[in-house]
Amino acid sequence: MFITRILHNDRGGQIMLAVLAVVLVLVPVLNLLVPEGNFLHMPTYLVTLLGKYLTYALLAIAVDLVWGYLGILSLGHGAFFALGGYAMGMYLMRQIGDRGVYGNPNLPDFMVFLNWKEMPWFWQGFDMFWFAMLMVLLVPGVLAFVFGWLAFRSRVTGVYLSIITQALTYALLLAFFRNEMGFGGNNGLTDFKDILGFSLQSDNTRMTLFVLSGLALAGGYLLCRFIINSKLGRIVVAIRDAESRTRFVGYRVEHYKVWVFMVSAMLAGVAGALYVPQVGIINPGEFSPLNSIEIVIWVAIGGRATLYGAVIGAILVNYAKTVFTGLMPESWIFMLGALFVLVTLYLPQGLAGLVQNLKDSRWFHKRVQA
Amino acid sequence: MSEGAHLRHTEAGQPDASHTAILYLEDLNVSFDGFKAINNLTLYIDKGELRCIIGPNGAGKTTMMDIITGKTRPDSGQAWFGQTVDLLKLSEPEIANAGIGRKFQKPTVFESHSVAENLELAMHGNKSVWYSLRARLSGEQQALIDETLQTIGLTDHYHQAAGALSHGQKQWLEIGMLLVQKPYLLLVDEPVAGMTHQEMERTAELLTSLAGKHSVVVVEHDMDFVRSIAHQVTVLHQGSVLAEGTMDEVQNDQRVIEVYLGE
Ligand SMILES: Nc1ncnc2c1ncn2[C@@H]1O[C@H](COP(=O)(O)OP(=O)(O)OP(=O)(O)O)[C@@H](O)[C@H]1O
Ligand SMILES: [Mg+2]
């Protein structure tokens with residue numbers, strides 16, 4: 001079958017997706033079917049927390065696709081995530097209707113507050129779910145296309161490229177902070193009520209969003225794996241390893257880079273769109289350059305160019321973040337930095353590489369004894 | 001800059017070599033920080049010809065290939081492939097797709113790919129993104145890979161990572177990549193460096209068999225090797241042509257002797 005063919009030779013992916021499938025069945029059972037008060041009951045806030053991790057994992061896969069396989073260290077993927085999130089946030093704002101503080105049926109609260117009389121043109125259409133979903137893909141995709149076309153065609157690579165991706169997300173951060181931009185400024189978009197008519201507070205909606213996040217992660221994983229397994233994937237790795245040689249056998253390297261960068265940006269956008277209804281807010285902080293660096297650290301810790309490593313890294317690091325920011329909020333950033341240094345020094349292939357090494361050495365021992 | 005403007009030229013088909021020459025280099029000049037690496041270089045290569053280019057280190061042989069393949073842009077001069085393809089207006093992939101293949105002085109293969117995958121990647125055919133996403137090896141392409149592996153003696157290394165090959169094997173693999181690319185013009189920079197005597201003989205055989213159907217330009221320092229394959233030899237010195245002729249003519253040329261002995 002199609003899926004088995006994609007996962008052929010991908011042990012890590014098979015295990016990861018199997019675990020994901022179990023989680024996607026188990027969590028609804030524990031949350032919705034096991035009655036509250038039973039010690040097996042899973043509270044809804046935990047479901048939502050897990051859902052948030054899953055969207056981070058999808059984001060990490062997107063970064064691994066461009067960094068691990070194409071060799072482009074993007075330090076700006078948080079921007080694509082945030083743009084997807086804003087597109088979803090705009091739809092959710094329109095869903096509020098006249099239930100805002102000011103009760104204006106036509107304008108979101110922050111626009112009323114700014115004394116705006118009508119909706120800016122770029123808010124048009126976001127009352128329609130399908131249009132907003134289209135924008136979740138298109139806005140990050142088009143930005144990635146324009147950025148990639150300019151950067152890759154002038155053959156900017158390496159550190160310089162990483163720096164301009166940081167500049168990109170920083171520029172967006174500053175822009176979205178401004179009230180005049182029309183995206184809620186500093187406060188961003190929040191106070192969402194419902195999605196497609198379903199209350200965002202209800203357990204069922206939250207569960208649906210959680211399951212959708214898991215399905216999106218699985219879908220994103222299979223898509224990336226399909227790309228990597230194809231001849232296009234081999235060309236992409238060739239570009240990573242010997243870019244100029246790839247040109248001399250006739251591949252237009254820029255086209256490949258732009259294409260993969262766009263796919264990756266759109267995946268990040270989808271992740272952002274699933275993230276926002278679960279956390280209930282999107283603000284310019286999501287564009288923070290630090291966020292983009294964190295994503296890269298998840299991937300490095302999980303092990304790059306494996307895809308499943310990115311998933312493991314994103315979930316473990318964010319779990320640790322949840323635990324430690326609860327205990328010692330100030331220390332987290334230092335811990336993350338230390339973790340990154342340790343992994344770079346002692347586990348250059350990340351956790352996925354560690355597992356691989358253990359397996360290899362076990363196999364080796366067996367062979368020696370035999 | 002030429003990237004966008006010349007996309008139309010890409011699938012150039014057969015170069016128009018209705019005249020006898022397939023490659024025209026005229027009055028080329030290149031300087032690196034004031035140092036003239038190529039100096040009024042004029043050179044013609046005929047259809048089906050096997051040409052050897054010799055010259056001391058730093059004569060500009062590799063730089064000449066860089067110009068032909070679009071890696072280096074000359075300060076002035078002309079470079080045409082057949083009657084219609086202006087090489088100076090095309091990007092590297094466009095030149096490759098127009099039918100010029102190159103083997104590099106320092107063997108460069110795709111190290112993390114298997115030997116067979118290296119050939120798959122180099123193979124002639126549609127090189128666009130969307131096509132690559134769905135591309136599968138046809139029976140014909142598989143046969144070409146098998147046949148080429150036979151030719152370059154790497155059949156037993158089918159699944160081996162190219163990075164694990166020896167220096168000589170990488171040379172062979174790169175020659176194989178050149179073969180599956182099916183170019184009209186092959187530029188071969190120092191093919192026998194690091195090869196045993198036997199391997200050198202096989203390379204000589206291979207290159208001579210290619211001439212006729214293809215035009216082949218070989219840069220080589222090994223004089224015995226050059227003697228064994230060459231019909232026409234061009235001597236480059238300080239970025240321009242010093243002498244041209246058969247091996248015997250060239251070796252007896254007073255200026256050539258001075259250049260080589262004067263080193
Ligand atoms: N990109 C570059 N920047 C600066 N100088 C260069 C560059 N490429 C080549 N050169 C110089 O141009 C001259 C010609 O170099 P080239 O590599 O073409 O020589 P060659 O004939 O191939 O020599 P060899 O036999 O050693 O391979 C050399 O002096 C080299 O140092
Ligand atoms: Mg050279």
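The numbers here are math on the coordinates, done by the rules we state, and not lab data. All values reported here derive from a predicted model rather than from experimental measurement. Positions of Cβ are backbone-derived with ideal geometry, glycine not excepted, and every protein chain shown enters the neighbour counts.
Odds and ends about this structure:
- GNM remark for chain A: springs join alpha carbons under 10 Å apart, and the peak mean-square fluctuation among A:Leu274, A:Leu316, A:Leu232 falls on A:Leu232.
- On the basis of the beta-carbon distance and an R0 of 51 Å, A:Lys117 and B:Thr20 show a calculated FRET efficiency of 0.10.
- Shielding of B:100-110 by partner chains, average beta-carbon count, 10 Å: 3
- With R₀ set to 30 Å, the beta-carbon distance separating B:Arg255 from A:Ser244 gives a calculated FRET efficiency near 0.25.
- Once exposed loop GluC sites (Glu not before Pro) are cut out (DSSP; at most 10 other Cβ, 10 Å), longest piece of chain A: A:119-370
- The length gained on full extension between B:Ser166 and B:Ala143, counted as 0.36 nm times the residue separation minus their Cα-Cα distance, comes to 5.8 nm.
- The helix-only estimate of mean residue ellipticity at 222 nm for the protein assembly as shown, built from DSSP H runs of length n ≥ 4 each weighted as -39500 (n - 2.57), is -17500 deg cm²/dmol after division by the residue total.
- Seen through its C-alpha gyration tensor, with square-root eigenvalues sorted a ≥ b ≥ c, the stretch A:216-357 comes out prolate because a/c lies at 1.5 or above while a/b is bigger than b/c.
- Placing unit charges on the Cβ atoms only, positive for Lys and Arg and negative for Asp and Glu, gives the stretch B:181-263 a dipole magnitude near 400 debye about its Cα centre.
- D_trans [Stokes-Einstein, Kirkwood Rh over alpha-carbon pairs] for chain B, 37 °C, 0.692 mPa s, µm² s⁻¹: 171
- Each Lys or Arg adds one and each Asp or Glu takes one away; over the other residues whose Cβ falls under 15 Å from the Cβ of B:Gly77, this sums to -2.
- When you restrict to C-alpha pairs under 8 Å that are six or more residues apart and normalise by the size of chain B, the relative contact order lands at 26 percent.
- Student exercise, chain A dipole from Lys, Arg, Asp, Glu Cβ charges, in Debye to nearest 20: 1540
- Extension gain, A:Phe39 to A:Lys359, is 111.5 nm, computed as 0.36 nm per intervening residue step minus the present C-alpha separation.
- Dipole of the stretch A:104-254 computed with +1 at Lys/Arg Cβ and -1 at Asp/Glu Cβ about the Cα centre; of A:Ala171, A:Thr157, A:Cys224, farthest Cα towards the positive end is A:Thr157.
- In the stretch B:126-263, the DSSP beta bridges split such that about 45 percent are antiparallel, to the nearest 5.
- For chain A, built as a Gaussian network whose Cα springs stay under 10 Å, the top-fluctuating residue of A:His41, A:His77, A:His255: A:His41
- With at most 12 other Cβ atoms within 10 Å, longest stretch of chain B clear of loop trypsin sites (Lys or Arg not before Pro) (DSSP): B:1-135
- For chain A: relative contact order, % (alpha-carbon pairs under 8 angstrom, 6 or more apart): 31
- 12 Å beta-carbon shell around A:Ser213, net charge (K/R +1, D/E -1): +2
- Looking at the protein assembly as shown alone, DSSP beta bridges between its own residues are antiparallel in about 60 percent of cases.
- Annotation for the stretch A:3-78: chymotrypsin sites (Phe, Trp or Tyr not before Pro) lying in DSSP loop with at most 10 further Cβ atoms inside 10 Å of their Cβ are A:Phe39.
- Point-charge dipole on Cβ atoms (K/R +1, D/E -1) for chain B, about Cα centre, debye to 20: 640
- Candidates A:Leu137, A:Leu173, A:Leu345: whichever shows maximal mean-square fluctuation once chain A is modelled as a Gaussian network with Cα springs under 10 Å: A:Leu345
- Shape analysis of the stretch A:46-193 yields a ratio of the Cα radius of gyration to the Kirkwood radius, Rg/Rh, of 1.02.
- Inter-centroid distance (Cα atoms) of the stretch A:218-280 relative to the stretch A:154-172, Å: 17
- The longest stretch of chain A left intact once loop-based trypsin sites (Lys or Arg not before Pro) with at most 16 other Cβ atoms within 10 Å are removed from consideration, loops following DSSP, is A:194-370.
- Estimated FRET transfer efficiency when R0 is 56 angstrom, pair B:Glu244-B:Ser112 (beta carbons, to 0.05): 0.85
- A simple count of charges around A:Phe145, restricted to other residues whose Cβ falls under 13 Å of its Cβ and scoring Lys, Arg +1 and Asp, Glu -1, yields +1.
- Extending 7 Å from Cα along the Cβ direction at A:Val279 and again at B:Tyr158 yields two label points whose distance is 5.0 nm.
- Cα-based Rg and Dmax for the protein assembly as shown, where Dmax is the largest Cα-Cα distance (Å): 29.9, 102
- Base-10 log of normalised Debye intensity for the stretch A:7-94 (one unit scatterer per alpha-carbon) at q = 0.13, 0.21, 0.25 Å⁻¹: -0.67, -1.08, -1.17
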